[in-house]
Structure formats: C-alpha cells, structure tokens
Amino acid sequence: MVVVAALITMLVACTSSSHPTDHRTPRAQPSAHGSSCEVRVAESAVTRKDHYAVGARDQLNDLFLASAILENPCRRTATNVRFVVSPLDDQGHELMSAGRPVQAHFTISLIMPGQRAAGWAYFDRKQAPDGVANLRVQLDTAPFGGEVCWIAPSTSGYQAAGRATDVTVGKRDTSRTSANGLARLSFKVTWSPTKSSPGRRAASVIFRDSSGRLLNANGQGIGPALKPGQRVHFDAWVPENADPSRTGVLLEPNPVTPGLPFYSPSSSCLPSS
C-alpha cells in the first residue's frame, strides 16, 4: 500500500462546498502567437469551500476553489503552459481589488498530445467578499511567465501511458471541524508498456456531480516506485454534492528531467504543429 501526503495542505483547514459553477469551452481559440494549435480549456468550475473554526461557521475564511480541465489537441508535447484565472461576478465582470483585477495563476509543466491535465487555484474572501459566480481561464501571455515550449513527444521522458482505475471514495466527514469534507480515496495504478517506468506523476482527482458537471479538481504527488496494479491511498477534500461514482483521476507527468526547457523557451522548442 502506498500512502501519499497532500501537496496542498492549506486546503485541509476548510470544509463543505456549495453553488459550484461549471463552464465548458467547445473548442480551442486561435493562438495569439499565430500558432495553428494550442492547449485548450475544456471545462472550468468554481466551488465555495466553507470554513469552520471550533465547531462554528466562519464565513470570513471561506475559499473559492477554481478548477480547470485542459486538453492538448496538438501533435507535440506542450511544456510550461501557464494559465491566468479571473474570478467573475454574476454579470460577467472581473472582480477588482485595490483598483486592479483579481487574478491567480497555475502552470501545467507538461502535457502529452491527446492528453488531459487539471489545474487549480483559489480566492479568499478578501479577494471575493461577495463570492465568485463564474471564471475566465485563459492562456497567460504575459512575458514574465514565458511562452509555451513545444517539444517532440519522444524527448519528453514519458513513454508509459499511465491510468488510474477502480477509483473508490470513502465516507465523507460531516463534522463541523477542520476535517469536514475529507474522505479516504484510493485507486489502482497501471501503465503500458508495463516493463517501462511510469516516472513521477501527479494524481489529479476530478470530482463531478450526478449530472457529470465538474465541481473541483485537486491533486497529490505519486513517486515512481510503483508496481503495476498497486493501489494508492490518500485523503482528499470532497465537495458536498459530489457523486463518488463519477470521480476520476488523471495521472499526469510530473517531470524532473534535467534540461527540460521549463519556464524559458530554448532552441529546442518547436512549432506546435
């Protein structure tokens, strides 16, 4: 049995969710850099995570969890894919703080052709005192973030196709404590070809409601020392209206390959298609 420690410990002190908002993007938008192909946002959602302190509701410390599912429809591997997340009000306007738009960022280190990945961020009550009604998630073209670097799939270091199957979600904690919403999650890890190493992976857990609507995504790290068919176990925060039978896990590459051109394009970067 493998027990994985949480990478996002700041989420453990908060609790139940309500009013998730889901947004689905039907197709990729044209690239701002003239590229004929780019990583696209397939789905996004925001879910409120209520906070409790000493058994009492504490709205001032609520969090609004923003999640997105990304797809790489291109024939090359994308690295350093940086996204900017903007919370919106019910009129579709950006939330403002101190005269500036409220924003958060996340980066997908590597996403193989035809694969999906998950990204997430959060906003607190200081940034969103009246809540978040919707999101805008888009590629970050700011120069300090660095452009997307496309590389040949054969050079990515990830030749094994990893899968998480037989996902189970235990009983959700309903106490009015910091443990509210936590549940034991487990899944079986397989990959092909089995003789290859799966490499380091990030296990992104995708929670949906009974209609299949995205609620929340969050993740844990998985080391490379796994055996085919081995089960992974860890605690995860589960939205109150999540349907356990619709829970999925994406096993995404978590590269540590020296010299892979993250965060700064190099001469090894190729056109996207």
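The values are calculated or read from the model by the stated rules, or taken from the named source; none is laboratory data. None of these values were measured; they are calculated from a predicted model. Cβ placement follows ideal geometry from the backbone for every residue including glycine, while neighbour counts extend to all protein chains displayed.
SER186: part of a strand (DSSP E or B) and closer than 22 Å to HIS233 by Cα, yes or no?
Working: part of a strand (DSSP E or B): yes; closer than 22 Å to HIS233 by Cα: yes.
It is true that SER186 is part of a strand (DSSP E or B) and closer than 22 Å to HIS233 by Cα.
Just to be sure before I move on: is LEU226 closer than 21 Å to GLY119 by Cα and either touching a strand residue (DSSP E or B) at 6+ places or on another chain (Cβ under 6 Å) or crowded, with 20+ Cβ neighbours inside 10 Å (or both) in the structure I sent?
Numbers: closer than 21 Å to GLY119 by Cα: no; either touching a strand residue (DSSP E or B) at 6+ places or on another chain (Cβ under 6 Å) or crowded, with 20+ Cβ neighbours inside 10 Å (or both): yes.
When the stated conditions are applied, LEU226 does not pass them.
Within the range 211-228, track down each residue that is at pLDDT 90 or above and among the small types (Gly, Ala, Ser).
Within the range 211-228, the subset at pLDDT 90 or above is 211-218.
SER211, GLY212, ALA217 - these are the residues of the range 211-228 that are at pLDDT 90 or above and among the small types (Gly, Ala, Ser).
Among the candidates THR247, THR141, single out the residue that is in contact (Cβ under 8 Å) with a residue 60 or more places away in the chain, crowded, with 17+ Cβ neighbours inside 10 Å and of a type in the set (Ser, Thr, Tyr). Walk me through it before giving the result.
Values: THR141 fails: crowded, with 17+ Cβ neighbours inside 10 Å.
From the options THR247, THR141, the qualifying one is THR247.
With in contact with a strand residue (DSSP E or B) (Cβ under 9 Å, 6 or more places away or on another chain), crowded, with 19+ Cβ neighbours inside 10 Å, touching a residue at least 12 places away in the same chain (Cβ under 8 Å) and not charged (D, E, K, R) as the only criterion, which of SER156, SER178 stands out? So that I can check it myself, show each step before the final result.
Details: SER178 fails: crowded, with 19+ Cβ neighbours inside 10 Å.
Criteria check complete, one pass: SER156.
Only one of SER67, SER36 is among the hydroxyl-bearing types (Ser, Thr, Tyr) and either part of a loop (DSSP other than H, G, I, E, B) or at positive phi (or both). Can you tell me which?
On the way: SER67 fails: either part of a loop (DSSP other than H, G, I, E, B) or at positive phi (or both).
On inspection, the qualifying residue turns out to be SER36.
Test ARG75 against the criterion of being closer than 25 Å to ALA152 by Cα, basic (Lys, Arg) and under 14 Å from the mean Cα position of the chain (by Cα), and give yes or no.
Numbers: closer than 25 Å to ALA152 by Cα: yes; basic (Lys, Arg): yes; under 14 Å from the mean Cα position of the chain (by Cα): no.
So ARG75 fails the test.
In the range 181-222, what residues are surrounded by 18 or more Cβ atoms within 10 Å (Cβ to Cβ), among the polar types (S, T, N, Q) and within 21 Å of LEU70 (Cα to Cα)?
Answer for the range 181-222, where residues must be surrounded by 18 or more Cβ atoms within 10 Å (Cβ to Cβ), among the polar types (S, T, N, Q) and within 21 Å of LEU70 (Cα to Cα): SER204, ASN216, ASN218, GLN220.
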